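What follows is a short report on a single structure.
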There are 2 protein chains.
Amino acid sequence: MARIERVVADLYLIPLPEVLSDSMHGQMSVFEVVTVRITDSDGATGMGWSFTCGTNGAAAHANIARDLAPIMIGKDADPIEARWRENWWRLHYGGRGGSASLAISAVDIALWDLKGRKAGLPLWKLLGGFDPQVPVYAGGIDLDFPLEKLLKQTEDNLAKGFRAIKMKVGRKNLAEDVARVKAMREFLGDGFPLMVDANMKWTTDEAIRAARRFREFDLVWLEEPMIPDDFGGYVRLVREGGLPIAQGENLHTLHEFGHLMQTGGVTFPEPDVTNCGGITVFMKVGHMAEALNLPVTSHGAHDVTVQLMAALPNRSYMEAHGFGLERFLNRKLEIRDGFATAPSDPGHGLDFDWKGLETLRA
Amino acid sequence: MARIERVVADLYLIPLPEVLSDSMHGQMSVFEVVTVRITDSDGATGMGWSFTCGTNGAAAHANIARDLAPIMIGKDADPIEARWRENWWRLHYGGRGGSASLAISAVDIALWDLKGRKAGLPLWKLLGGFDPQVPVYAGGIDLDFPLEKLLKQTEDNLAKGFRAIKMKVGRKNLAEDVARVKAMREFLGDGFPLMVDANMKWTTDEAIRAARRFREFDLVWLEEPMIPDDFGGYVRLVREGGLPIAQGENLHTLHEFGHLMQTGGVTFPEPDVTNCGGITVFMKVGHMAEALNLPVTSHGAHDVTVQLMAALPNRSYMEAHGFGLERFLNRKLEIRDGFATAPSDPGHGLDFDWKGLETLRA
């Protein structure tokens, strides 16, 4: 048995290449990245991380360094479910989500990476294996872009190999959103996969009204138009809006996903591996979705997520979004004709440029 | 307008007088306390805090010191709802519960304290005012106590003025729990208010089975027998178990309480002002409960909570539980013939022995 010998957590602040904005998070200029590196008694290593758009990073770091690391040392790294459960209960009082879920996610990714490296298997094969070719979409954070800039960004995304694109909605007036979506549909042509994301801006009635107005533009989905807590509202939206609905980037527990899917409030569950509870929870969400005949999409950390989507037969489009982190990773996600390929190196196959990150230590 | 000038957050580790245990949190020897002191431009101050049973404290401290304090400075301290909402959205990504809710709670308590002090009103009057006499119960953390020690503790609680008592259940076999509850009922006599608390130990079916076995002992309520996430299970338990059900100490958002009450999965909602989102959320939970004709109980921080229960016409028993913190407070909750009285000093009227706490700084 290989025991966990070291758990090292670090916090870095990554400036974004340009200030981004969406309807509820306001302006974002810095992303926080919390990394965790685990070494076992064989000298094998695994690496995981979580990220935020500017807050909760120091909290998640404290959760790993102070609360989780001490109870992990000396434990067997192999039974990840057992470690996950210990970590969940360790952080339960005052946890059940929030930074505790980010911390558990980062640790869980590191343990799966360690397992994959030791087995000599890429995660997508370790997790069952379906198809390394994963359809992706470009997720723009472009709510405040003038139309011209939005179309230019779209042109760039097509040139980069994207064959599906998501844009933000939730401007001051719905009419503005409708005009922008109409312009994008005309620019992209009939049948091109187009999604819209309202980032929790609306009430349920406003979301239903918007969904009905957007119907004519043949969207793949409308994403997170209300706060994620409004489970009853999402059930109404699916029934009355008439559009497919993606939601989940702000859900932080398996139970929240279970409840959302069970009640029928989502048609594209959208976990983020860095905040839903890690690979362990992401895969369970994917499997429950399959049982309910729902496609799965994703949010964040595409470099890890491509491995998970490649293992899920019901995977839909994966969101591709680097948030400035890609320049510190040893490998960039390659997009070709709308698809990314899950790499075949053991584990997730990723490593950071730790020297480069060091200059950004919080 | 008085602007917020200083927000000081501190973290202390409070050793418990003796190691406590319940069915899911394991052994607890140290409680973490996160304090926040707010000073406005008039020189007025408000103080709030949150606590944990050993983890998430450093995370909540980081949330206040790094994430919330910088955006609060310079803002008007008076519109608490506006400040609450800013703080909620500031921590939303990676938040929506967990340490973010503890942080928001502590800050919110401090802002209400500040408001009360400036108005010269105790919180219970500021919040509407009902009756300063609040019925209380003694919450024992006594799962592993031998029966003799349990009865001795009960005798002590009666001598302290308690006229309602809660004991832990969730031992290895239900038969043991039944025997202990039976002994307590015999010791206390018919009609004495007795509650039991299973701390999330059971599945829904196990909880229903236990509830049915406990029926003959005429309990005030059975508390949190399953994980709080199991909303559907709680609906079944209320319908099939045949006992009143308390739940809520591990719910961290207004929406979780809303959902639980709306679906009928609770008969005694039980918010904790230090982790549900503060006084602002505690009162909203109480008001929704009143609208649904439900009595409200509470968890934790009885020194602040007595003020809130005294403002709620539908208040039931308040949990009295010091967790070792009472020896650092300027005033102890006085229990007389089953009731505590909300003090009449402005705000919550509490202050810590900061010099004493200093020796326990984390």
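The values are calculated or read from the model by the stated rules, or taken from the named source; none is laboratory data. All values reported here derive from a predicted model rather than from experimental measurement. Every residue, glycine among them, receives a Cβ derived from its backbone with ideal geometry; neighbour counts consider all protein chains shown.
Screening B:Gly232, B:Gly242, B:Gly278 for residues that are over 15 Å from B:Met200 (Cα atoms) and surrounded by fewer than 24 Cβ atoms within 10 Å (Cβ to Cβ) leaves exactly one candidate, B:Gly242. Among the candidates A:Asp42, A:Asp22, A:Asp76, A:Asp67, the residue that is within 20 Å of the chain's Cα centre (by Cα), of a type in the set (Asp, Glu) and not assigned by TED's automatic domain parsing to the domain that holds A:Ala198 is uniquely A:Asp22. Would you confirm, using the coordinates I've provided, whether B:Gly248 is in contact with a Pro (Cβ under 7 Å, 6 or more places away or on another chain) and assigned by TED's automatic domain parsing to the domain that holds B:Val285? Spelling it out, B:Gly248 is indeed in contact with a Pro (Cβ under 7 Å, 6 or more places away or on another chain) and assigned by TED's automatic domain parsing to the domain that holds B:Val285.
Results for (1) closer than 21 Å to B:Trp84 by Cβ; (2) polar (S, T, N, Q); (3) in contact with a Pro (Cβ under 7 Å, 6 or more places away or on another chain), shown as yes or no for each residue.
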residue: B:Phe257; (1), (2), (3): yes, no, yes
residue: B:Ile279; (1), (2), (3): yes, no, no
residue: B:Lys332; (1), (2), (3): no, no, no
residue: B:Gly338; (1), (2), (3): no, no, yes
residue: B:Asp345; (1), (2), (3): no, no, yes
residue: B:Trp354; (1), (2), (3): no, no, no
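Which residue, of A:Ala82, A:Ala65, A:Ala69, A:Ala110, is surrounded by fewer than 24 Cβ atoms within 10 Å (Cβ to Cβ), more than 14 Å from chain B (Cβ to nearest Cβ) and aliphatic (A, V, I, L, M)?
None of the other options fit; the residue is A:Ala82.
Checked against (1) modelled with pLDDT of 95 or more; (2) closer than 21 Å to A:Asp197 by Cβ; (3) outside any loop (DSSP other than H, G, I, E, B); (4) touching an Asp or Glu at 6+ places or on another chain (Cβ under 8 Å), A:Thr280 meets all criteria but (2).
Among the conditions (1) under 11 Å from the mean Cα position of the chain (by Cα); (2) surrounded by fewer than 24 Cβ atoms within 10 Å (Cβ to Cβ), A:Ala301 misses just one, which is (2).
In segment A:241-255, which residues are farther than 17 Å from A:Arg85 by Cα and in contact with a helix residue (DSSP H, G or I) (Cβ under 7 Å, 6 or more places away or on another chain)?
Hits for segment A:241-255 are A:Gly241, A:Gly242, A:Leu243, A:Ile245, A:Gln247, A:Gly248, A:Leu251.
Can you name every residue in segment A:46-55 that is within 12 Å of chain B (Cβ to nearest Cβ) and touching a helix residue (DSSP H, G or I) at 6+ places or on another chain (Cβ under 6 Å)? Passing the criteria: A:Ser50, A:Thr55. Does A:Phe162 fit the bill of being without any contact (Cβ under 8 Å) to a residue 12 or more places away in the chain, surrounded by 18 or more Cβ atoms within 10 Å (Cβ to Cβ) and of a type in the set (A, V, I, L, M, F, W, C)? Judged against the criteria, A:Phe162 is not a match. Would you confirm whether or not segment A:212-227 contains a residue that is under 26 Å from B:Ala100 (Cβ atoms), in a helix (DSSP H, G or I) and within 13 Å of chain B (Cβ to nearest Cβ)? No. Given the criteria farther than 21 Å from A:Asp218 by Cα, β-branched (Val, Ile, Thr) and crowded, with 18+ Cβ neighbours inside 10 Å, does A:Val134 qualify? The answer is yes for A:Val134.
Mind checking whether some residue in segment B:258-271 is crowded, with 24+ Cβ neighbours inside 10 Å, among the charged types (D, E, K, R) and without any contact (Cβ under 8 Å) to a residue 60 or more places away in the chain? Yes, because at least one residue in segment B:258-271 is crowded, with 24+ Cβ neighbours inside 10 Å, among the charged types (D, E, K, R) and without any contact (Cβ under 8 Å) to a residue 60 or more places away in the chain.
Give the residue that is farthest from A:Glu32 (Cα to Cα), with candidates limited to residues of segment A:282-298 that are surrounded by 22 or more Cβ atoms within 10 Å (Cβ to Cβ) and free of Cβ contacts under 8 Å to residues at least 60 places away in the same chain.
By that ranking, first place goes to A:Ala289.
Determine, yes or no, whether A:Gly161 is on the phi > 0 side of the Ramachandran plot, in the same structural domain as A:Asp190 (by TED's automatic domain parsing), part of a loop (DSSP other than H, G, I, E, B) and not charged (D, E, K, R). Walk me through it before giving the result.
Working: on the phi > 0 side of the Ramachandran plot: yes; in the same structural domain as A:Asp190 (by TED's automatic domain parsing): yes; part of a loop (DSSP other than H, G, I, E, B): yes; not charged (D, E, K, R): yes.
It is true that A:Gly161 is on the phi > 0 side of the Ramachandran plot, in the same structural domain as A:Asp190 (by TED's automatic domain parsing), part of a loop (DSSP other than H, G, I, E, B) and not charged (D, E, K, R).
Of the listed requirements (1) of a type in the set (Ser, Thr, Tyr); (2) in contact with a Lys or Arg (Cβ under 8 Å, 6 or more places away or on another chain); (3) within 14 Å of chain A (Cβ to nearest Cβ), B:Tyr137 misses just one: (3). Take A:Lys172 and tell me if it is surrounded by fewer than 19 Cβ atoms within 10 Å (Cβ to Cβ) and assigned to a helix (DSSP H, G or I). So A:Lys172 fails the test. How many residues does segment A:1-37 hold that are polar (S, T, N, Q) and under 15 Å from A:Ala103 (Cβ atoms)? Number of matching residues: 1.
Within the option set A:Ala103, A:Ala58, being within 12 Å of A:Leu11 (Cα to Cα), at the interface with another protein chain (Cβ under 7 Å from one of its Cβ atoms) and within 24 Å of the chain's Cα centre (by Cα) holds for one residue only, A:Ala58.
Quick one: count up the residues across segment A:346-359 that are surrounded by fewer than 17 Cβ atoms within 10 Å (Cβ to Cβ) and part of a loop (DSSP other than H, G, I, E, B). Here the count works out to 3. Reported count of residues in segment B:256-269, each being within 14 Å of another protein chain (Cβ to nearest Cβ) and on the phi < 0 side of the Ramachandran plot, is 9. From the list B:Tyr93, B:Tyr12, the lone residue that is within 28 Å of A:Leu91 (Cβ to Cβ), within 9 Å of chain A (Cβ to nearest Cβ) and either of a type outside the set (Val, Ile, Thr) or crowded, with 24+ Cβ neighbours inside 10 Å (or both) is B:Tyr93. Of all the criteria given as (1) surrounded by fewer than 24 Cβ atoms within 10 Å (Cβ to Cβ); (2) at pLDDT 95 or above; (3) under 15 Å from A:Val134 (Cβ atoms); (4) of a type in the set (D, E, K, R), the one not satisfied by A:Glu334 is (2). When the residues of segment B:199-211 are narrowed to those that are touching a residue at least 40 places away in the same chain (Cβ under 8 Å) and of a type outside the set (Lys, Arg), which ends up nearest to the other protein chains (Cβ to nearest Cβ)? That would be B:Met200.
Mind listing whichever residues of segment B:239-255 are free of Cβ contacts under 8 Å to residues at least 40 places away in the same chain and within 12 Å of another protein chain (Cβ to nearest Cβ)? Hits for segment B:239-255 are B:Leu251, B:Leu254, B:His255.
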